[in-house]
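Peer 1: Structure incoming, see below.
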Protein chains: 4
Amino acid sequence: MTTPLPRFELAHLAHAELLTPDLEGSLWFFTELLGMRETARDRDSVYLRCYEDPYHHSLKLTAADQAGLGMLGWRTTSAEALERRAAALDTAGLGRGWTKGDLGVGRTFAFETPDGHAMELVWEVEKYTAPPELRSPILTRRSKRPLQGLPPRRLDHVNLMASDVTAHKEMFEQALGFGTRERVVDFTTDTEIGVWLSVNILGHEMAVMLDQTGTRGRLHHLAFWYGVPQHNTDAAELCREYGIRIEAGPDVHGITQGAFLYVFEPGGNRIELFGNSGILQFEPDHETVTWDLADFDTGLAIGGATLPAETYFVYGTPANPGQEKLLLPASAR
Amino acid sequence: MTTPLPRFELAHLAHAELLTPDLEGSLWFFTELLGMRETARDRDSVYLRCYEDPYHHSLKLTAADQAGLGMLGWRTTSAEALERRAAALDTAGLGRGWTKGDLGVGRTFAFETPDGHAMELVWEVEKYTAPPELRSPILTRRSKRPLQGLPPRRLDHVNLMASDVTAHKEMFEQALGFGTRERVVDFTTDTEIGVWLSVNILGHEMAVMLDQTGTRGRLHHLAFWYGVPQHNTDAAELCREYGIRIEAGPDVHGITQGAFLYVFEPGGNRIELFGNSGILQFEPDHETVTWDLADFDTGLAIGGATLPAETYFVYGTPANPGQEKLLLPASAR
Amino acid sequence: MTTPLPRFELAHLAHAELLTPDLEGSLWFFTELLGMRETARDRDSVYLRCYEDPYHHSLKLTAADQAGLGMLGWRTTSAEALERRAAALDTAGLGRGWTKGDLGVGRTFAFETPDGHAMELVWEVEKYTAPPELRSPILTRRSKRPLQGLPPRRLDHVNLMASDVTAHKEMFEQALGFGTRERVVDFTTDTEIGVWLSVNILGHEMAVMLDQTGTRGRLHHLAFWYGVPQHNTDAAELCREYGIRIEAGPDVHGITQGAFLYVFEPGGNRIELFGNSGILQFEPDHETVTWDLADFDTGLAIGGATLPAETYFVYGTPANPGQEKLLLPASAR
Amino acid sequence: MTTPLPRFELAHLAHAELLTPDLEGSLWFFTELLGMRETARDRDSVYLRCYEDPYHHSLKLTAADQAGLGMLGWRTTSAEALERRAAALDTAGLGRGWTKGDLGVGRTFAFETPDGHAMELVWEVEKYTAPPELRSPILTRRSKRPLQGLPPRRLDHVNLMASDVTAHKEMFEQALGFGTRERVVDFTTDTEIGVWLSVNILGHEMAVMLDQTGTRGRLHHLAFWYGVPQHNTDAAELCREYGIRIEAGPDVHGITQGAFLYVFEPGGNRIELFGNSGILQFEPDHETVTWDLADFDTGLAIGGATLPAETYFVYGTPANPGQEKLLLPASAR
């Protein structure tokens, strides 16, 4: 008899850490162009939040030798769920033990994906309360929309590259209760190339895509949410004018129906700006939708966008040796 | 010791029935102007769905002497949850027993709100499968976007008028596990004037507002989702050109941050077209946000819209005697 | 035999001066919230431009005892057209003689409307050239889109209040070659209540509306152009959050099909933010469209917006005695 | 001494004829998907108009062996301007004589471009008057927005391919008074690769681009105007779902700042859907903006779109031998 999969144990993606070899440049991007607000600094890290993020911070920028994903934090639906998921992760051999947390983050249980991406579960978090001058008359908004840059409203999702997509999918389903909403399969080899997972009705809060270079544990992108399609067009314009390289978009993926714009922040991490809420999956017994890699055009883009093969399917952070130059202008490569 | 509130027992609003004294007019509105597709007819009822609705139908239009809400259906998260909620409703004295369901709807458990609004819970539903010519290459889309009218994507939420808001709120929280996201309180009398409830991360799937006429059991509005703010502007234009009365909007409520457009379909029911996804509430321990009726402007509209006092706060369906003429042009009242 | 009306003599609205009793507050609004850039200061005046305005400035803010319109400048289509129009204005008795111009503005010919609004014609202007750090890679854009606030792209049009609409219309048609695109007539008295005029294919570059208080020479509003409907919604949100009073909108007028948002800048002048390009009138023999005041709803708004009678049709700047309090919150009037 | 260039002689692009080898397919595209309305049929031609087009028709679809541009009609600003331009064209050796016109089109003067594109000038046109059931309460709108498809509002512009761009530019400037707003130059050979021309404040009503295949007299695309950026995203979605091939977009060109979506109608002609009004050029002494072909990325797209080299720069209609298969799915070429 099989054990039923856990459900309703994780609530949402709560915070992410990005490593950057250009902290000043990354900060400029996130605060001046994207208008995120700094809430704390600690040694080599700066803590930032979007104006509707509920907690102390959603993004921690940390100076490092290489770009990449630091710690990624998921909030559970209860204190008890945290204990249960910690036990399940230990059973699966992926637990890395309890931590004391971080600024705004209480005790966490750390774990790793099969590829070694660092993650943690948390229940106790510090909710953000705006100082009077930043309080919004829109009461569900944790702070006023900034007048600086083109501010996204919240952290939305993460996209990981992995050496074995199925292994990651199964771990997230079985140990943590993620549902797999969509997947891409190469039926010539019966291999899963990508999966889109969620713990709630969002079309995805995490994706895992095959790292075609065979590298382990890299970040494909971190996404921030506008929720307004026009803002992706506005963001593309600002990126073009202020020297931020655009990889693809604005357009809408068939997969997740997400309105995307991919850019590279100055530290080299790929950032997605997300212009709608994508498909919302309300069905409690939703079956995974399968895309065939051989008939996949609409999955990549509903409009005419092309995702550049030389970067989109191979570049992640940390960049493989020599990949950094993919981000340079063609004339400088 | 208090019993913990149920959680994760209901999945979403699955279907709604509207009663209409002008079936032909209502059908024109929903199929010609809103581009919904008919999936079945049965005696005095026509079954309709939006192009991303997951099931056989989301709207059942039924000819009747008066406009109003017929049966409203909620889908549970499992077969077991259905049994548990049926028991809880029976305990609360609100259960009305099991039914054989309807076209596309299996066995349901019927119940009533304290005011007598008719509702049902269901687990077994018929998922919609498009015929080949309506199949979309966007695989999460259950059928192609229609070329007719300005089609909303799915049924979104319901808004009830009630004689006692708090009684309704407590029933939905305690028997069914709804969370109350926001509420409006008249602190001069400590009365709840309105509540916005959800069973998932949507800012609301149901609202209950005080019926200032003291009438029981009426419908304020049923809402359909575009998810694209521009489409509310487009819809207003079409309504203006094709003789559908606009009550208010397009604008955005501070409450729920929902992009609204209120119109009256030819049968007299108020319909909301919903142009964004509103605020999404991810926090598992989200505290209810309270608006003070005395300082409520931003709650009603972020922009300059006014919700007309002569209709918005008093008109519901079935209309009270004499209220129908509120929907006529001023010159004809 | 009638003299043919002049055509193609004026090119466009080039600059406007706003008087403000709260220069600091007005500056905050135009530079911090609307992101306009300062190009010069001179005694009590600050010169500002939008990022696509072609010349040295489009807006001159001048400290004054009362809000209102200062000098309004139209650019002619040639040096010869300037001379011809100056002569025509002198013949009409409205010329006020040549001036030495202003910062960025060469020699002008000053004139008055029948009500005494101050205007000038100019040919010689200083075209704006951005310093290197503000140069845009979009070559038709005179400077980068600012990262501050929600920046409109250019000055769009002016709306005057007048004691006699027809007298103003005839002067603008006959002396300057404006075409009257639309008008509103009160057929009970055969009076023109409003006219919308243009010297190019824009639906209007100037409107003149009857001042129902009988006052002469006031400003109804000055409009700045976004050209993107969503930006009016964004602007409403920022105004709501940052304490700028919204009068009406976002919605779309039937007249001109213009997407409007009306707000009051801190100095008390009404400002319109213009979210589309409205109807463009390409026909060289376009006939004036006439709206009947008795059947005028769609003219005011295509959606559900109401233009508040207590301000929209009576408030202008300078405000009449006692009118300033119309702009206060209801509780403070 | 040079003769001054004519100005203000042409008003706008009034009508265009498209040739199609698949009249039924092309009609489906323009009427079912784009919602244009048929106003007349005559032998092998169908006359169509957008809902804000001012005249009898803006598009004439004519069955033919090959796709391509038939007759293109420009309206002059007066009857006298028509005579003057006819004389100038005759002097330039491009006149082809007076015609009796067409349905809804009076006497015209026909001419050719240096490559032989067929064009005509017209003053007398039949203005469209809607039958009562199609009359819009928005009085500047010539007919109600259709409920069918995703209707553009009017014919916007034409883009020609030519064997010698400069020759075409000079003819349009000198004989007809077009202004050249922008151009792209290959400075390695001092060759103009593309020019964007206008007779009014639009950023362009006609473009001429170098036909890199050396072919003469072909059509690059004909454009229809939405004026609302979101509608280009909606149109891409419909094209994707209904089997219309998308070439590129939605995105925004740096040149003209036009929001583009390029698709191929079933007859093989490239159609642009135009989602904004682009840059409007108000300056009467506007200097041509020059883009360097070697630094041209932003000119092509502000976002991440790529214009496919295998079609965008070489495919036109009539297609060169073998080019038709460029429009087939990759698997079928």
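Peer 1: With the contact rule set at Cα under 8 Å and sequence spacing of 6 or more, what percent relative contact order holds for the stretch C:33-97?
Peer 2: 17 percent
Peer 1: Can you give me the relative contact order of the stretch B:89-210 as a percent, contacts being Cα pairs under 8 Å and 6 or more apart?
Peer 2: 17 percent.
Peer 1: In chain D, which whole DSSP H runs stretch at least 15 Å along their own axis (Cα) and average -1.0 or higher on the Kyte-Doolittle scale?
Peer 2: Helices passing the filter in chain D: D:79-91, D:165-176.
Peer 1: Report the far tail of the P(r) of the stretch B:22-68, meaning the percent of Cα-Cα pairs longer than 15 Å.
Peer 2: Details: 419 of 1081 pairs.
Taking all Cα-Cα pairs of the stretch B:22-68, the fraction more than 15 Å apart is 39 percent.
Peer 1: Would you kindly work out the equivalent ellipsoid of the protein assembly as shown from its C-alpha gyration tensor and give its semi-axes, the square roots of five times the eigenvalues, largest first in whole Å? Please list the in-between numbers first.
Peer 2: Values: eigenvalues 490, 268, 213 Å².
In descending order, the three semi-axes are 49, 37, 33 Å.
Peer 1: So which residue, out of A:Leu121, A:Leu273, A:Leu147, gets the largest mean-square fluctuation from a GNM of chain A using Cα contacts under 10 Å as springs?
Peer 2: Checking each option, the largest mean-square fluctuation is seen for A:Leu147.
Peer 1: Let me ask something else about it. Which cross-chain or sequence-distant (5 or more) residues have an amide H under 5 Å from the amide H of D:Arg181, H modelled 1.01 Å from N in plane?
Peer 2: For D:Arg181, the qualifying residues are D:Trp196, D:Leu197, D:Ser198.
Peer 1: Could you tell me the convex hull volume per residue, in Å³, taken over the Cα atoms of the stretch A:160-212? The partial results should precede the final answer.
Peer 2: Values: hull volume 3.4 nm³, N = 53.
Enclosed volume per residue, from the Cα hull, is 64 Å³.
Peer 1: If you don't mind, another one. For the protein assembly as shown, give the share of DSSP beta bridges that are antiparallel, in percent and rounded to the nearest 5; count only bridges with both residues there.
Peer 2: The answer is about 70 percent antiparallel.
Peer 1: Cα extents of the stretch B:154-294 along the three principal axes, largest first, in whole Å?
Peer 2: 43, 35, 29
Peer 1: Which of the trypsin sites (Lys or Arg not before Pro) across the stretch D:192-267 are loop residues per DSSP, with 15 or fewer other Cβ within 10 Å?
Peer 2: D:Arg216
Peer 1: At 7 angstrom along the Cα-to-beta-carbon line, where would the label on D:Arg84 sit relative to the other copies? Give the distances in nm, shortest first.
Peer 2: Those label-point separations list as 1.0, 8.3, 8.3 nm.
Peer 1: Then there's this: What are the residues whose amide H is under 5 Å from the amide H of A:Gly35, where those residues sit 5 or more places off or on another chain and H is modelled from the backbone?
Peer 2: A:Leu150
Peer 1: Still on this structure: Considering only DSSP beta bridges with both partners in the stretch C:135-219, what is the antiparallel share in %, to the nearest 5?
Peer 2: That works out to approximately 70 percent antiparallel.
Peer 1: Which entries of A:Lys60/A:Lys127; C:Lys60/C:Lys325; B:Lys60/B:Lys325 have Cα-Cα distances beyond 18 Å here?
Peer 2: On the way: A:Lys60/A:Lys127 16 Å; C:Lys60/C:Lys325 25 Å; B:Lys60/B:Lys325 25 Å.
Correct reply: C:Lys60/C:Lys325; B:Lys60/B:Lys325.
Peer 1: Might you work out the accessible area of B:Arg141 for me, using a 1.4 Å probe with all protein chains in place, and round it to the nearest 10 Å²?
Peer 2: About 10 Å², rounded to the nearest 10.
Peer 1: Let me ask another. For the C and A pair, go ahead and give the buried accessible area with a 1.4 Å probe, both sides summed, in Å² to 100.
Peer 2: 2000 Å²
Peer 1: Taking a label point 7 Å out from Cα toward Cβ, give me the nm distances from A:Pro131 to the same spot in the other copies, shortest first, one decimal.
Peer 2: Label-point distances to the other copies, shortest first: 3.0, 6.5, 6.8 nm.
Peer 1: The stretch B:1-96: D in µm²/s via Stokes-Einstein (Kirkwood Rh, Cα pairs, 10 °C, 1.306 mPa s)? The partial results should precede the final answer.
Peer 2: Details: Rh = 15.2 Å.
Diffusion coefficient, whole number: 104 µm²/s.
Peer 1: Which residues, if any, in the stretch B:208-247 lose at least 50 square angstrom of accessible heavy-atom surface (probe 1.4 Å) when the other protein chains sit next to their chain rather than the chain being alone?
Peer 2: B:Pro229, B:Gln230, B:Glu237, B:Arg240, B:Glu241, B:Tyr242
Peer 1: Let me ask you something else. Is the shape of the stretch B:40-148 best called rounded, prolate or oblate, per the rule: a/c under 1.5 gives rounded, else a/b larger than b/c gives prolate, else oblate, with a ≥ b ≥ c the square roots of the Cα gyration tensor eigenvalues?
Peer 2: oblate
Peer 1: Within the accessible area of the protein assembly as shown, what % is carbon and sulfur when the probe is 1.4 Å and the other protein chains stay in place? Could you put the intermediate results ahead of the total?
Peer 2: Details: 22500 of 44960 Å².
It is 50 percent, rounded to a whole number.
Peer 1: With viscosity set to 0.890 mPa s at 25 °C, what whole-number translational diffusion coefficient in µm²/s follows for the stretch B:120-161 from Stokes-Einstein and a Kirkwood radius over Cα pairs?
Peer 2: Rounded, D is 188 µm²/s.
Peer 1: Per DSSP H run of n ≥ 4, the term is -39500 (n - 2.57); total these for chain B, divide by its residue number, and report the mean residue ellipticity at 222 nm rounded to 500 deg cm²/dmol.
Peer 2: -4000 deg cm²/dmol
Peer 1: Turning to a different aspect of this structure: Can you list, shortest first and in nm, the gaps between the label point of A:Phe296 and those of its counterparts in the other copies, using a point 7 Å from Cα in the C-beta direction?
Peer 2: Distances to the matching label points in the other copies: 3.2, 5.4, 6.2 nm.
Peer 1: Projecting each Cα onto the charge dipole of chain D (Lys/Arg +1, Asp/Glu -1 at the beta carbon, about the Cα centre), which of D:Leu5, D:Pro152, D:Gly217 comes out farthest on the positive side?
Peer 2: The one lying farthest along the dipole's positive direction is D:Pro152.
Peer 1: Using the Cα atoms of the stretch C:240-333, I'd like the radius of gyration and the largest Cα-Cα distance, Dmax, both in angstrom.
Peer 2: 15.4, 51
Peer 1: Then there is this: Near the axis that takes chain D to chain B, which D residue has its beta carbon closest, and at how many Å?
Peer 2: Residue with the nearest Cβ, plus whole-Å distance, for chain D: D:Gln230, 2.
Peer 1: Once the other residues with Cβ under 12 Å from the Cβ of D:Gly97 are scored (Lys, Arg +1; Asp, Glu -1), what is the net sum? Mind dumping the intermediate values first?
Peer 2: Values: positive: D:Arg96, D:Lys100, D:Arg107; negative: D:Asp90, D:Glu112, D:Glu120.
Overall, the nearby charge balance is 0.
Peer 1: Of all DSSP beta bridges in chain B, what percent run antiparallel (nearest 5)?
Peer 2: 70 percent
Peer 1: Choose one answer from B:Ser45, B:Ser136, B:Ser277: the residue with the largest mean-square fluctuation in a GNM of chain B with alpha-carbon springs under 10 Å.
Peer 2: B:Ser136
Peer 1: Now for a separate question. Measuring with a 1.4 Å probe in the full set of protein chains, what accessible area per residue, in whole Å², belongs to the stretch A:113-245?
Peer 2: Spelled out: the 1.4 Å probe surface of the stretch A:113-245, per residue, equals 29 Å².
Peer 1: Could you report the accessible area of D:Met71 in Å², rounded to 10, computed with a 1.4 Å probe on the protein chains as they sit in the structure?
Peer 2: Near enough 50 Å² of accessible area.
Peer 1: Here is a follow-up. So what is the relative contact order of chain D, in percent, for Cα pairs below 8 Å that sit 6 or more residues apart?
Peer 2: 18 percent
Peer 1: In Å, what Rg and Dmax follow from the Cα atoms of chain C?
Peer 2: Using the Cα atoms of chain C, the pair Rg, Dmax is 18.9, 61 Å.
The values are calculated or read from the model by the stated rules, or taken from the named source; none is laboratory data. Quick caveat: nothing in here was measured; it's all calculated off a predicted structure. Note: ideal-geometry Cβ built from the backbone for every residue, glycine included; neighbour counts use all protein chains shown. Ligands, DNA and RNA are stripped out before the accessible areas are found, and what is left, the full protein with its side chains, is counted by its heavy atoms. Shrake-Rupley method; radii C 1.70, N 1.55, O 1.52, S 1.80 Å.
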